[in-house]
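Chemist: My structure is below; once you've seen it, I'll send some questions.
The values are calculated or read from the model by the stated rules, or taken from the named source; none is laboratory data. Given the structure is predicted, the values throughout are model-derived calculations rather than measurements. Using ideal geometry, Cβ is built from the backbone for each residue, glycine included, and neighbour counts are taken over all protein chains shown.
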């Protein structure tokens, strides 16, 4: 088990290196550079030239590649060109904010999808199953940017119940409860798609499990529904549930960019968006790498849990 | 039944555990602000750059920096819709200008302290000038030297006369020198605390903890999230001591999200709401503060394109554009038609001036004369714009319809702002005909980067290759004019040459607009890219 975890962790390193390389190439090939935006349009030619030199933007490809390789391998990603501060410090700060949003979304996704999938599978082909399926289908089809704005309209504007911008009320920061109230709408918006995906996949796994001969055998012996569902059927659907949920970790962490923009949530997605717009190479690297790390870690943890759940492989 | 309840209890426990876990990770902000403290939160269009007054680069950043720092002279931003913001004393109480216009002697204000307690005097002024101009000084900052070319280029020398007298000698007279000393947006001659600059480990570090003499003190910045300032209760001008405690700038890039944040009360002031939502915001009880600001949207024409080499075609394009219609119908009255490179709120602006104005019939005649009676194809390269631009692509579509009316078939290619700037700097690519960007300052210096032959790509933003030495001559003459009248006449001569050549086509100046909550008063949209936040009050 321990050896397996180590081995899987080592396997993730080439993935991260590959991701980082692709980002490096993309930033290098992207038209436009950071200097004009840093110095303004009225900046003199000398001003732009010396900043390009300072940031190493004029170095030949091979030199830039070497600097990048060194940075990735040593884990020191350098300074943000725009904010002039160490990339890791900035990325970690934003990651914390994204982490909060990811955890709360993950919580909703796992609890709700488990409940909905179980009901759906148990009452397969009933009205309630079809209602849940339709609802999930609708949820998955709603664009995040649309859902977010509708939620704001409903719960912030029409019924002024919940705040819609940022993590705290800046005029009078209220601590944890303030954060919770700011968290609700972005969480629901971010969780929507994942909820639909996890519910659909888990339902299928549950349906398969419930159709197995051993369940029929269990029913024949007079086991209670509760015992059949939780003790026997779900046990078999659990690896699928964990795997698909693990995939959502990275997705919720890195792809929350729409909800982060709409709700002005200062997370990694919003930072990545701003960094791409301003062509801040080191920051783009840092953000993407961070998202990739969380993605890989989410899968890794899911894999390890699944292996641990599997009695044969334990 | 019992089982069900157990399930609920379990779910409740799970929820509680999750909350506890969350609270471990969450960086909880400070306890609630002390009761009775007044905070004004302004939602702005993007994250400002370096808060160093000498290198701040953009007016988006100047908007923050101008609260913390000031120069010898300032601009009175307490009135809107005046032709140009008047120059007023700031860190200098008074000044003398020699008869030949070359020597400026400033009497500095006494008993002024920087936010860190350092005294303001002629030595502090010299420290700042050395940082920008003197390569031999330990605090010399190359980037500051380059970002301030536009005002320092005429400075021959500067000296401390006594503790509170500072003298600047220019190589040639410069009718706009005081204005340039008061102006920001690229770099500025605003004064930083020598003690703080020396104490900072690097210039970048000083920009993270800026110290000046202005009506607001810097408190804290979280990149991309907030910049917190607090009032300087010791500010020298009692009329500009802020009437509230904290000023927080909060970047919210998306315009709809910014408007939402205002509606839901997360911010008190939203910068640049979209014209389309103005009526709605007003209906909901928010105040729209509007005023003329020194911005002008200009179309660059690619002089290398065959059709555009004919001045009749260029004039026809200008005459095809319905600027009135755009201002009234598309921008809903929140724009003013523009015909001149001398922008509103800047030197030499004339509200009655018109040039190659809307006349589609005449445009068609000109095209026929030039041999394009059957029309021709043009490619417009556009951008949704940077911070502060709204509705640019809709403008492009408006122009596209205007051009179609005279037989010109236009296609639009939209680039993001970063790619767009680089394209402008490299010059308009082959096959492209028109581009548009907003510019304008309350000093004429921006024209140096746009119309001069020395600004031809890749050295500046004369991106359409308008190669006319007359521009250089007139701009030099304007800058080194001894009097404002002379400067204005030179600038207007330049304007007329550009109009005659239809080399650039100004189209419109959007009004500066902010939306504020009902509790905000005295927000003045003066003709400047940044407002005087010290005048604002909150109920």
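Chemist: Sort out which residues of the stretch A:80-115 are surrounded by fewer than 21 Cβ atoms within 10 Å (Cβ to Cβ), over 20 Å from the mean Cα position of the chain (by Cα) and either in contact (Cβ under 8 Å) with a residue 40 or more places away in the chain or within 8 Å of another protein chain (Cβ to nearest Cβ) (or both), and write them in order of number.
Modeler: Scanning the stretch A:80-115 gives A:84, A:85.
Chemist: Right, another one. Go through the residues of the stretch A:281-288 one by one and say whether even a single one is assigned to a helix (DSSP H, G or I) and either in contact with a strand residue (DSSP E or B) (Cβ under 8 Å, 6 or more places away or on another chain) or on the phi > 0 side of the Ramachandran plot (or both). First the steps, then the outcome.
Modeler: Initially, the stretch A:281-288 is screened for residues assigned to a helix (DSSP H, G or I), giving A:281-288.
From the residues that got through so far, the ones that are either in contact with a strand residue (DSSP E or B) (Cβ under 8 Å, 6 or more places away or on another chain) or on the phi > 0 side of the Ramachandran plot (or both) too are A:282.
Within the stretch A:281-288 (the criterion being assigned to a helix (DSSP H, G or I) and either in contact with a strand residue (DSSP E or B) (Cβ under 8 Å, 6 or more places away or on another chain) or on the phi > 0 side of the Ramachandran plot (or both)), the answer is yes, since at least one residue qualifies.
Chemist: Right, another one. State which residue is nearest to residue A:266 (Cα to Cα) when the search covers only the stretch B:228-246 and only residues that are within 11 Å of another protein chain (Cβ to nearest Cβ) and outside any loop (DSSP other than H, G, I, E, B).
Modeler: The extreme case among them is B:228.
Chemist: While we're looking at this one, here's another question. Looking at A:125, A:178, which one is without any contact (Cβ under 8 Å) to a residue 40 or more places away in the chain and either farther than 21 Å from residue B:41 by Cα or not assigned by TED's automatic domain parsing to the domain that holds residue A:236 (or both)?
Modeler: Working: A:178 fails: either farther than 21 Å from residue B:41 by Cα or not assigned by TED's automatic domain parsing to the domain that holds residue A:236 (or both).
Going through A:125, A:178 in turn, the sole match is A:125.
Chemist: Which is within 17 Å of residue A:92 (Cα to Cα) and free of Cβ contacts under 8 Å to residues at least 60 places away in the same chain, of A:267, A:250, A:218? Outline the logic, then answer.
Modeler: Numbers: A:267 fails: free of Cβ contacts under 8 Å to residues at least 60 places away in the same chain; A:218 fails: within 17 Å of residue A:92 (Cα to Cα).
Just one listed residue meets the conditions, A:250.
Chemist: Sort out which residues of the stretch B:460-472 are away from chain A (no Cβ under 14 Å) and more than 21 Å from residue B:344 (Cα to Cα), and write them in order of number.
Modeler: Once the filter is applied, which keeps residues that are away from chain A (no Cβ under 14 Å) and more than 21 Å from residue B:344 (Cα to Cα), the stretch B:460-472 yields B:464, B:465, B:466, B:467, B:468, B:469, B:470, B:472.
Chemist: Kindly indicate whether residue B:159 is without any contact (Cβ under 8 Å) to a residue 60 or more places away in the chain, touching a strand residue (DSSP E or B) at 6+ places or on another chain (Cβ under 7 Å) and surrounded by fewer than 17 Cβ atoms within 10 Å (Cβ to Cβ).
Modeler: Criteria met by residue B:159.
Chemist: Which members of the stretch B:185-216 meet the condition of being in a loop (DSSP other than H, G, I, E, B) and within 14 Å of chain A (Cβ to nearest Cβ)?
Modeler: B:185, B:186, B:187, B:188, B:200, B:201, B:202, B:209, B:210
Chemist: Please return the ranges of helices (runs of 4 or more DSSP H) entirely within the stretch B:247-332 where 2 or more residues are away from chain A (no Cβ under 12 Å).
Modeler: Once the helices (runs of 4 or more DSSP H) in the stretch B:247-332 are filtered for at least 2 residues that are away from chain A (no Cβ under 12 Å), what remains is B:278-283, B:311-320.
Chemist: Just checking, does the stretch B:84-93 include any residue being surrounded by fewer than 22 Cβ atoms within 10 Å (Cβ to Cβ), farther than 19 Å from residue B:232 by Cα and more than 25 Å from the chain's Cα centre (by Cα)?
Modeler: So far as the stretch B:84-93 goes, yes, one or more of its residues are surrounded by fewer than 22 Cβ atoms within 10 Å (Cβ to Cβ), farther than 19 Å from residue B:232 by Cα and more than 25 Å from the chain's Cα centre (by Cα).
Chemist: Mind checking whether some residue in the stretch A:37-55 is surrounded by fewer than 19 Cβ atoms within 10 Å (Cβ to Cβ), facing chain B (nearest Cβ under 7 Å) and under 17 Å from residue B:422 (Cβ atoms)?
Modeler: yes
Chemist: Follow-up question, since we're still on this one. Looking at (1) at pLDDT 85 or above; (2) more than 25 Å from residue B:47 (Cβ to Cβ); (3) assigned to a helix (DSSP H, G or I), find the lone condition where residue A:46 falls short.
Modeler: (1)
Chemist: Then there's this: Restricting the stretch B:87-133 to residues that are touching a strand residue (DSSP E or B) at 6+ places or on another chain (Cβ under 7 Å) and assigned to a loop (DSSP other than H, G, I, E, B), which is nearest to residue B:235 (Cα to Cα)?
Modeler: B:115
Chemist: May I pose another question? For the stretch B:144-156, give me the residue count where each residue is assigned to a loop (DSSP other than H, G, I, E, B) and free of Cβ contacts under 8 Å to residues at least 60 places away in the same chain. If you could, list the steps in order and put the result at the bottom.
Modeler: To start, the set of residues in the stretch B:144-156 that are assigned to a loop (DSSP other than H, G, I, E, B) comprises B:148, B:153-154.
Next, only the ones that are free of Cβ contacts under 8 Å to residues at least 60 places away in the same chain stay: B:153.
The total comes to 1.
Chemist: For the stretch A:116-216, please list each of the helices (runs of 4 or more DSSP H) lying entirely inside it that holds at least 3 residues being away from chain B (no Cβ under 14 Å), farther than 30 Å from residue B:269 by Cβ and in contact with a helix residue (DSSP H, G or I) (Cβ under 6 Å, 6 or more places away or on another chain).
Modeler: Passing ranges, in order: A:127-141, A:175-210.
Chemist: Continuing with this model, one more query. Quick check on my filter: what residues within the stretch B:222-247 are under 24 Å from residue A:88 (Cα atoms) and modelled with pLDDT of 95 or more?
Modeler: Hits for the stretch B:222-247 are B:227, B:228.
Conditions tested, residue by residue: (1) touching a helix residue (DSSP H, G or I) at 6+ places or on another chain (Cβ under 9 Å); (2) surrounded by 19 or more Cβ atoms within 10 Å (Cβ to Cβ); (3) within 14 Å of chain A (Cβ to nearest Cβ).
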| site | (1), (2), (3) |
| --- | --- |
| B:110 | no, no, no |
| B:114 | yes, yes, no |
| B:117 | yes, no, no |
| B:125 | no, yes, no |
| B:142 | yes, no, yes |
| B:163 | yes, no, no |
| B:166 | yes, yes, no |
| B:176 | yes, yes, no |
| B:183 | yes, yes, yes |
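Listed here are the residues, each with its yes/no results for (1) within 14 Å of chain A (Cβ to nearest Cβ); (2) touching a helix residue (DSSP H, G or I) at 6+ places or on another chain (Cβ under 8 Å); (3) not in a strand (DSSP E or B).
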site: B:420; (1), (2), (3): yes, no, yes
site: B:429; (1), (2), (3): yes, yes, yes
site: B:436; (1), (2), (3): yes, yes, no
site: B:445; (1), (2), (3): yes, yes, yes
site: B:458; (1), (2), (3): yes, yes, yes
site: B:474; (1), (2), (3): no, yes, yes
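Chemist: Considering the stretch A:255-291 alone, what residues qualify as being buried (at least 22 other Cβ atoms within 10 Å of the Cβ) and more than 13 Å from chain B (Cβ to nearest Cβ)?
Modeler: A:256, A:282, A:285, A:288, A:290, A:291, listed by residue number.
Chemist: Being at pLDDT 85 or above and either farther than 24 Å from residue A:119 by Cβ or within 16 Å of the chain's Cα centre (by Cα) (or both) is the requirement here; does residue A:266 meet it?
Modeler: yes
Chemist: Which numbered condition in (1) away from chain B (no Cβ under 14 Å); (2) under 26 Å from residue A:192 (Cα atoms); (3) free of Cβ contacts under 8 Å to residues at least 60 places away in the same chain is the only one that residue A:242 fails?
Modeler: The failed condition is (3).
Chemist: Does residue B:493 satisfy the condition of being at pLDDT 95 or above and crowded, with 23+ Cβ neighbours inside 10 Å?
Modeler: Numbers: at pLDDT 95 or above: yes; crowded, with 23+ Cβ neighbours inside 10 Å: no.
It is false that residue B:493 is at pLDDT 95 or above and crowded, with 23+ Cβ neighbours inside 10 Å.
Chemist: Give me a count of the residues in the stretch B:51-82 that are surrounded by fewer than 24 Cβ atoms within 10 Å (Cβ to Cβ) and over 20 Å from residue B:535 (Cα atoms).
Modeler: Result for the stretch B:51-82: 1.
Chemist: Based on what the data block shows, is residue B:440 closer than 26 Å to residue A:48 by Cα and either without any contact (Cβ under 8 Å) to a residue 40 or more places away in the chain or away from every other protein chain (no Cβ under 14 Å) (or both)?
Modeler: no
Chemist: Inspect the stretch A:56-79 for any residue being under 26 Å from residue B:50 (Cα atoms), within 14 Å of chain B (Cβ to nearest Cβ) and either exposed (fewer than 14 other Cβ atoms within 10 Å of the Cβ) or free of Cβ contacts under 8 Å to residues at least 24 places away in the same chain (or both) and give the result as yes or no.
Modeler: Yes, there is a match, as at least one residue in the stretch A:56-79 is under 26 Å from residue B:50 (Cα atoms), within 14 Å of chain B (Cβ to nearest Cβ) and either exposed (fewer than 14 other Cβ atoms within 10 Å of the Cβ) or free of Cβ contacts under 8 Å to residues at least 24 places away in the same chain (or both).
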